[in-house]
Structure formats: structure tokens, C-alpha cells
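Peer 1: My questions will all concern the structure given below.
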Amino acid sequence: MSVIIVGAGVGGLSIAALLADAGKEVTIIEKNSMPGGRARVYEEKGYTFDMGPSWYLMPDLYENYFRELGLEIEDCYELVRLDPSYRIFFSNSERIDVSSDISENIELFDSLEDKGGEKLRRYLEKASRDYGIAVDNLLMRDYDRLRNLIDGKLIREGLRLPLFGNIDDYISDVFSSDMAKMILEYSIGFIGGSPLNTPSIYYIMNHVDMNLGIWYPMGGIGRVVEKLYQLCLERDVRFKMDENVMKILSERGRATGVKTSKGIHHADIIIVNADYPHAEMKLLDRDDRSYDKGYWESKLFSPSALVIYIGLSKKLNNLEHHNLYLAGDWGLTFDELYDINDPEWPSNVSYYVNVTSKTDPSVAPKSCETVFILIPVPGQYQDTAEAREELYYKIVRHIESTTGEEISGFEVVKRIFGPNDFIEDYNAYKGTSLGLVHTLTQSAMFRPSHRSKRLRNLYYTGQYTHPGIGLPLVLISSKILSKNLLME
Ligand SMILES: Cc1cc2nc3c(=O)[nH]c(=O)nc-3n(C[C@H](O)[C@H](O)[C@H](O)COP(=O)(O)OP(=O)(O)OC[C@H]3O[C@@H](n4cnc5c(N)ncnc54)[C@H](O)[C@@H]3O)c2cc1C
């Protein structure tokens, strides 16, 4: 059986390795020159940047995926747990470190509000139990099979979880101080949502963050991509890079192949890893689409992002590996990001600064730092060179005044990646950085299907499908799809 995969993101690589391992003849066609998609690596003048993901979360799910291929994580890369997990700078000039040691976090919460520590302990205990239920019963489930949808266990276990209401209300019922709430709500950004549009069940991300911990593969997140790529090569997956898929060909209810910038290729099965709306609206004939334009227009997409890569010729003493700046007006931060009618860059910016060289000397020249700044911004509206520069200087000045570290003038490398690049490089719908956010009606069985509703042998994997956004979930998406395909 031959398989063509459109896109060499983590979704494409991970499904390719599993299918090739089962003896399928797999070809990946990728428009860019290197694998990894949003998780690509950028190198310049001795500085190495992970272009997208930098938080290695849910180590259990990575393990789960690699075990399918007979590997333990130690066989793949060297994983270290970060301590502190991250540093948060608040707009009121307070600065806190969230520790990898739960007892230190309990002390921290005691200092934030009355009985804060005890509340945190109980909250995390419940989050730990609910994480187990959610992973076993909701996350690992293949919703494309009808019997999995009407399974009594799904309903029974699902009802034990806080599925309804938003996470902001859920957290506010337990904690009263703004700082405690912000610490617990920032992690929603990982799945692209806002605390007001994300269902309360995602409070399990606090278990991921504070119990399971924040990890780092030495060499960078790019090591995950490198490992997947190597596993594909070892299993004879063929790569066609710099080749843009322009059309998915079909005949009488079956996909027959793809037309690319370099020719036509046929296969028994086509799997799309490229952004789902792009594939549906740009690569398929109208009659072959599972979802029409109206469907995509009615959906809630994550905002875009301005990502800044800086190679610094000096060390930074006041920053940790992961640093967050959380703006004072939390509500306004999210309102500005989700107001798709407002073409302005946000005024009330919360942002993230990553300095991997704090942990890993291999990613920067000696006595230098590799700095990555991520600022969520609305879609593609005013992504001009001038607007980028203006925001760049605003953020750099802000980091300098917040941390007391000089950055300006020490940049050896400076690259800015913005909404227009998400469109150009990844065919991202309206410049979205993460695709469909995890609202209640866009989670689990409500995410776009792994299986085309029109073409019998066309499938999808990656962050648009269940379980969703983030590398570990994308790996599980491929695992679910491969099991489905290999059973047929
Ligand atoms: C800035 C940023 C920060 C992030 N931070 C984290 C984090 O800290 N931790 C985490 O776990 N996750 C993080 N994520 C999310 C994570 O990176 C994504 O969920 C994941 O990489 C998506 O993988 P994918 O394979 O589904 O899609 P993609 O990576 O987008 O892969 C799709 C591939 O398809 C290719 N393609 C598109 N159209 C075509 C075409 N017509 N022909 C051929 N090829 C095509 C693209 O070039 C791309 O290579 C972050 C993402 C971003 C953007």
C-alpha cells in the first residue's frame, strides 16, 4: 500500500514513521526546504532557534508515541527538567518563580492569598485525577468510529469531569487573588485560547505544568523533529522537499494522487498534514470538501504571533529559561487578540521570552544568549515592516525596563516572523499561529475529522484534528490515525 503525506510537520513525520514501521510505502511532500513545519529550527551565526514550540509539556504523551516504535525517550534525546519551571514578571513590578518543587509552589500561593497553599494542593490533586481520566477516556479516543462515540464509559467518565463553563470562572471559584489566577490561567495560551473561551476541563493544564513539570530536550525542541525525521529515513520514507502540493486529485469518490509544483504523484492513500482549511479550500474540488467555506468562517482560530529571534552578544542574568510578562489588564489582553474586526496591533501586550542558552550552551556562542520573544497578535491585518519594527522596539524597551537587562545594541542576529510569514510559509488560514482553538464545540468529537467525509481514502493528521494543538497532541493524533488505518 502506498501513502502520500502532504506536509512534513510533526504531524506528517509522526504518521509517516508509524505507517512505514508497519511496512507501508510512504512519501512525504513538503513545500519548505526542511522538515518540522511550525517546529522547524533556524540557525544563524552559531545561534540555534526553535522557530515555534519551546515548552516540552506532557512528557508522558511523547513516551506513549515513541513506545509505539519500540523506543524509550532515553533512546531519542536527553531530557532535563527545568527548575525553576518559569519566571513571571507582573505589571505591578512583582516577579515570581514557579518551582519544579510543589512544596515551594504551595508556599508561593500561601503568600498570594489566605490558605492559598492548601487550595493549590487540593486543586492540583483534583487536576491530577482529572488529567488521568481525560487522557485515558477522551484524548486517546478515535471519534471517527461510531462505537467509540456511543461508548458508555465515555459518557460515564466524561460526566465526572468539569466540561461546562469557562476556565476563568472555574479558577475564580477557588482562588481570589489576581496573581494566583493569572499564574493558573496563562497556560491556556499553549492551546491558543483565552480563559473566557476555553472550557474549564483544560484546568488539567495546571497538572501538566506544576505536577508533570516543564522539560527540555538538550539541543532544543528541534531534537524531537530530528528524531522523527531519522526514524522516517530508517524506515525508507521518501522525502520530496521544496515541492508545493497544488491539488489533490480525485476520481469517483477516491483520492488518486496529488499535483505538485514539480509533477503528479499517485498513491493508494493520501494523508494531509498541511493546515486543514488550506487543504479543503485550496487543494480540493468543491464536491470533494468535507466542510464548506461557511464552516471555516464560523470557527474560532487562535490569533497569530510575532516571533522575534535574537542572537545576543552578552549574557542575561535576570531571565530564566522560560519567562512570561503578564500585563495588568488581563481581560483587555484577550479582548484585543480575539477582536478580529480590529486591525490594530495590541496595546495591552502580554508576552513570552525564552532563553534556551540558560540551560543549553550548545545553542549559542560562548558568553552569548539565544533569545526568542513571542507576542500574540491578531491576524494578518497590519503586518508591515514598519509596524513590526515599532512593536520590536516597544517590546525590547519593555523587557529592558522590566528586567533591568540591556538588549538594544547587542543583537548579532535579529529575525522577525509574523502573521504574513505564517500565511506564506505554512498556508495558515488568516495568519493563525495554532489553528482551531479548543472551545467546547471545537474539542474532541467536534474537531474536524481525521477522515474525509467525501473521499474514501483521504485522511488528516496534525493540530487541526483531535486531540489538537501542541506537539504531544499532534503525536497522539498520528497515533490514533495510524491505528485506524492499520486496522482496515
Ligand atoms: C510560535 C509557536 C509556538 C508554539 N509553542 C509550542 C510549545 O511551546 N509547545 C508545543 O508543544 N507546541 C507549541 N506550538 C504548537 C506546535 O508547534 C504545533 O501544534 C505543531 O507543530 C503543529 O504541527 P502540525 O504537523 O500539525 O502542523 P505544521 O507544523 O504546520 O505542519 C504542516 C506542514 O505542512 C506543510 N504544507 C502546508 N501546505 C502545504 C502544501 N500545499 N504542500 C506541501 N506542504 C505543505 C507546511 O509547510 C508544514 O511543514 C507552537 C506553535 C507556534 C507557531
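The values are calculated or read from the model by the stated rules, or taken from the named source; none is laboratory data. A quick note: this is a predicted structure, and the numbers were derived from the prediction, not measured. No Cβ is skipped: glycine too gets one built from the backbone with ideal geometry, and neighbour counts run over all protein chains shown.
Peer 1: If Asp169 passes every condition in (1) surrounded by fewer than 20 Cβ atoms within 10 Å (Cβ to Cβ); (2) farther than 28 Å from Asn92 by Cβ but one, which one does it miss?
Peer 2: Status for Asp169: all satisfied but (2).
Peer 1: Out of (1) within 16 Å of the ligand (Cβ to nearest atom); (2) touching a helix residue (DSSP H, G or I) at 6+ places or on another chain (Cβ under 6 Å); (3) closer than 24 Å to Leu57 by Cα, the odd one out for Leu326 is which?
Peer 2: Leu326 satisfies every listed condition except (1).
Peer 1: Does segment 160-170 contain any residue that is in a helix (DSSP H, G or I), more than 18 Å from Leu440 (Cα to Cα) and not aromatic (Phe, Trp, Tyr)?
Peer 2: no
Peer 1: May I ask you to list the residues in segment 188-205 that are among the polar types (S, T, N, Q) and surrounded by fewer than 23 Cβ atoms within 10 Å (Cβ to Cβ)?
Peer 2: Result: Asn197, Ser200.
Peer 1: Scan segment 449-474 residue by residue and report those that are farther than 26 Å from Phe66 by Cβ and either under 18 Å from the mean Cα position of the chain (by Cα) or among the aliphatic types (A, V, I, L, M) (or both).
Peer 2: Leu455, Leu458
Peer 1: Being more than 8 Å from the ligand (Cβ to nearest atom) and under 13 Å from Leu231 (Cβ atoms): is that true of Leu71 here?
Peer 2: When the stated conditions are applied, Leu71 passes them.
Peer 1: Still on this structure: Touching a residue at least 40 places away in the same chain (Cβ under 8 Å) and either in contact with a helix residue (DSSP H, G or I) (Cβ under 6 Å, 6 or more places away or on another chain) or exposed (fewer than 14 other Cβ atoms within 10 Å of the Cβ) (or both): is that true of Val363 in this structure?
Peer 2: Taking the combined requirement at face value, the residue satisfies it.
Peer 1: Mind checking which pairs have a first residue in segment 188-212 that is closer than 14 Å to Asn166 by Cα and in a loop (DSSP other than H, G, I, E, B) and a second that is acidic (Asp, Glu) and away from the ligand (no atom under 16 Å from the Cβ), Cβ under 7 Å, 6 or more apart or different chains?
Peer 2: Close Cβ pairs (under 7 Å, with a partner that is acidic (Asp, Glu) and away from the ligand (no atom under 16 Å from the Cβ)) amount to Pro195/Asp168; Pro195/Glu185; Leu196/Asp168.
Peer 1: Checking Tyr460 against (1) of a type outside the set (Val, Ile, Thr); (2) within 12 Å of the ligand (Cβ to nearest atom); (3) surrounded by fewer than 22 Cβ atoms within 10 Å (Cβ to Cβ), which single condition isn't satisfied?
Peer 2: Here Tyr460 clears every test but (3).
Peer 1: Inspect all residues belonging to segment 438-457 and state whether any of them is in contact (Cβ under 8 Å) with a residue 24 or more places away in the chain, within 9 Å of the ligand (Cβ to nearest atom) and not in a helix (DSSP H, G or I).
Peer 2: Within segment 438-457, not a single residue is in contact (Cβ under 8 Å) with a residue 24 or more places away in the chain, within 9 Å of the ligand (Cβ to nearest atom) and not in a helix (DSSP H, G or I).
Peer 1: Please work out which one of (1) more than 10 Å from the ligand (Cβ to nearest atom); (2) outside any helix (DSSP H, G or I); (3) of a type in the set (Val, Ile, Thr) is the condition Val258 fails and give its number.
Peer 2: Condition (1) is where Val258 drops out.
Peer 1: Go through segment 255-294 residue by residue and tally those that are of a type in the set (Lys, Arg) and modelled with pLDDT under 95.
Peer 2: Qualifying residue count for the region: 1.
Peer 1: What is the number of the single condition among (1) modelled with pLDDT of 95 or more; (2) over 25 Å from Val474 (Cα atoms); (3) buried (at least 17 other Cβ atoms within 10 Å of the Cβ) that Arg122 does not meet?
Peer 2: With (1) modelled with pLDDT of 95 or more; (2) over 25 Å from Val474 (Cα atoms); (3) buried (at least 17 other Cβ atoms within 10 Å of the Cβ) applied to Arg122, the lone miss is (3).
Peer 1: Check segment 354-364 and report whether any residue there is aliphatic (A, V, I, L, M) and in contact with an Asp or Glu (Cβ under 7 Å, 6 or more places away or on another chain).
Peer 2: Scanning segment 354-364 turns up at least one residue that is aliphatic (A, V, I, L, M) and in contact with an Asp or Glu (Cβ under 7 Å, 6 or more places away or on another chain).
Peer 1: For residues that are of a type outside the set (A, V, I, L, M, F, W, C) and more than 11 Å from the ligand (Cβ to nearest atom), scanning just segment 263-276, find the one that is surrounded by the fewest Cβ atoms within 10 Å (Cβ to Cβ).
Peer 2: Gly263
Peer 1: I'm checking my understanding of the structure. Among residues of segment 279-301 that are in a loop (DSSP other than H, G, I, E, B) and of a type outside the set (S, T, N, Q), which one is nearest to the ligand (Cβ to nearest atom)?
Peer 2: Filtering segment 279-301 for residues that are in a loop (DSSP other than H, G, I, E, B) and of a type outside the set (S, T, N, Q), the one nearest to the ligand (Cβ to nearest atom) comes out as Leu284.
One line per residue, one yes/no per condition, for (1) touching an Asp or Glu at 6+ places or on another chain (Cβ under 7 Å); (2) surrounded by 14 or more Cβ atoms within 10 Å (Cβ to Cβ); (3) among the hydroxyl-bearing types (Ser, Thr, Tyr):
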| position | (1), (2), (3) |
| --- | --- |
| Thr384 | no, no, yes |
| Thr402 | no, yes, yes |
| Glu406 | yes, no, no |
| Val412 | no, yes, no |
| Phe417 | no, yes, no |
| Tyr426 | yes, yes, yes |
| Gly431 | no, yes, no |
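Peer 1: For a quick check of your reading of the model, give me the residue pairs whose first member lies in segment 69-82 and is within 21 Å of Asp101 (Cα to Cα), whose second is part of a loop (DSSP other than H, G, I, E, B) and among the hydroxyl-bearing types (Ser, Thr, Tyr), with beta-carbon atoms closer than 8 Å and at least 6 apart or on different chains.
Peer 2: Going by the 8 Å Cβ cut-off, the qualifying pairs are Val80/Thr359; Arg81/Ser100; Leu82/Ser100; Leu82/Thr359.
Peer 1: Follow-up. I need a count of the residues in segment 463-488 that are within 15 Å of the ligand (Cβ to nearest atom) and in a loop (DSSP other than H, G, I, E, B).
Peer 2: Result for segment 463-488: 8.
One line per residue, one yes/no per condition, for (1) at pLDDT below 95; (2) near the ligand (Cβ under 9 Å from one of its atoms); (3) outside any strand (DSSP E or B); (4) closer than 18 Å to Ile270 by Cβ:
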| position | (1), (2), (3), (4) |
| --- | --- |
| Val3 | no, no, no, yes |
| Gly11 | no, yes, yes, yes |
| Ala16 | no, no, yes, yes |
| Val26 | no, no, no, yes |
| Lys31 | no, yes, yes, yes |
| Arg38 | no, yes, yes, no |
| Tyr42 | no, no, no, no |
| Thr48 | no, no, no, no |
